[in-house]
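Peer 1: I have a structure here, written as structure tokens, and I will follow up with some questions on it.
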Amino acid sequence: MSSVRVKILVVEDDEDLRALLVSMLRDEGYVVDSCSDGEEGFYRAANWDYDAIVLDVMLEGLDGFEVLRRLRVVKKIPVLMLTARDAVSDRVRGLDEGADDYLTKPFDHPEFLARVRAVIRRGGLSLERQLTLGPVELDTMAMRVTVDGKPVELTAREFALAEMLMRRRGEVVSRDFIYENLFDEDDESLSNMLDVYVYKLRQKLGRDFVKTRRGAGYVAE
């Protein structure tokens with residue numbers, strides 16, 4: 001299982017199906033939030049960081065189409081839409097509104113998980129086991145890292161930070177996102193702690209591995 005926690009939001013009003021989807025995704029190692037209505041779904045998606053959203057069409061309040069339309073104004077998050085409708089016009093509308101993929105209920109569990117992986121990749125997040133950035137290579141399953149072919153020892157959290165940045169290479173990763181995904185709420189002095197881990201990565205993987213974007217975050221490119 002990857003040390004980077006991929007976060008997914010499930011917006012589904014059927015309680016049993018929502019529980020099943022959440023269980024399947026968590027079994028795959030994802031961090032999952034869920035809710036049952038469009039208003040809350042839009043609020044969460046617009047204000048919190050997710051790597052993908054599983055969005056039902058038939059929701060109370062705001063339906064899935066409206067949630068997607070509003071979301072595309074403020075954010076670009078990969079969205080997999082779910083619906084019991086099988087009309088071509090509904091699928092076309094969902095895709096035209098900005099959905100990355102569309103899955104009609106009922107569906108096979110393996111297909112659902114494959115579609116989730118696909119939309120995550122479309123969002124720019126790599127799910128590959130082997131990651132390479134310049135002279136740095138990470139094996140995310142074995143938790144091994146080499147620089148110019150030579151093994152380098154990283155702590156678990158140093159490795160997780162390196163993996164997070166490499167999976168999002170070229171993307172500025174905010175300090176808030178890193179805090180939320182790599183640190184516990186009871187960790188003390190988070191700001192200073194993150195600075196220390198960035199410093200250690202530069203020492204071990206090279207000065208240019210992590211670049212600072214003042215006021216924005218960090219990027220590996």
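Peer 1: Could you give the length gained by full extension between GLU221 and ALA156, i.e. 0.36 nm per residue of separation minus their alpha carbon distance, to one decimal place?
Peer 2: Details: separation 65, 0.36 × 65 = 23.40 nm, distance 2.18 nm.
The span from GLU221 to ALA156 would gain 21.2 nm if fully extended.
Peer 1: Now a separate question. What FRET efficiency, computed as 1/(1 + (r/R0)^6) with R0 = 22 Å and r the Cβ-Cβ distance, is obtained for ASP33 and ARG72, rounded to the nearest 0.05? Present the calculation step by step, with values, prior to reporting the outcome.
Peer 2: Working: r = 20 Å, r/R0 = 0.90.
Computed FRET efficiency for ASP33 and ARG72 comes out at 0.65.
Peer 1: Would you mind putting 58-70, 102-114, 13-25, 157-169 in packing order, based on average other-beta-carbon counts within 10 Å, highest first?
Peer 2: Values: 58-70: 19.0, 102-114: 13.0, 13-25: 15.4, 157-169: 21.3.
In descending order of packing, they fall as 157-169, 58-70, 13-25, 102-114.
Peer 1: Out of VAL6, TYR43, ILE53, whose Cα points farthest toward the positive end of the dipole of region 1-60 (charges: +1 Lys, Arg; -1 Asp, Glu; placed on Cβ)?
Peer 2: Result: VAL6.
Peer 1: Now for a separate question. Checking the a/c ratio against 1.5 first, then a/b against b/c, what shape does the Cα gyration tensor give for region 1-69?
Peer 2: Values: a/c = 2.78, a/b = 1.49, b/c = 1.86.
Taking the square roots of the gyration eigenvalues as a ≥ b ≥ c, region 1-69 is oblate.
Peer 1: Heavy atoms only, probe 1.4 Å: what % of the accessible area of region 19-90 goes to carbon and sulfur, would you let me know?
Peer 2: Values: 1550 of 3230 Å².
That fraction is 48 percent.
The values are calculated or read from the model by the stated rules, or taken from the named source; none is laboratory data. Computed from a predicted structure; not experimentally measured. Please note: Cβ atoms are built from the backbone with ideal geometry, for glycine as well, and neighbour counts cover all protein chains shown. These accessible areas exclude ligands, DNA and RNA; they are computed on the full protein's heavy atoms, side chains included. Shrake-Rupley method; radii C 1.70, N 1.55, O 1.52, S 1.80 Å.
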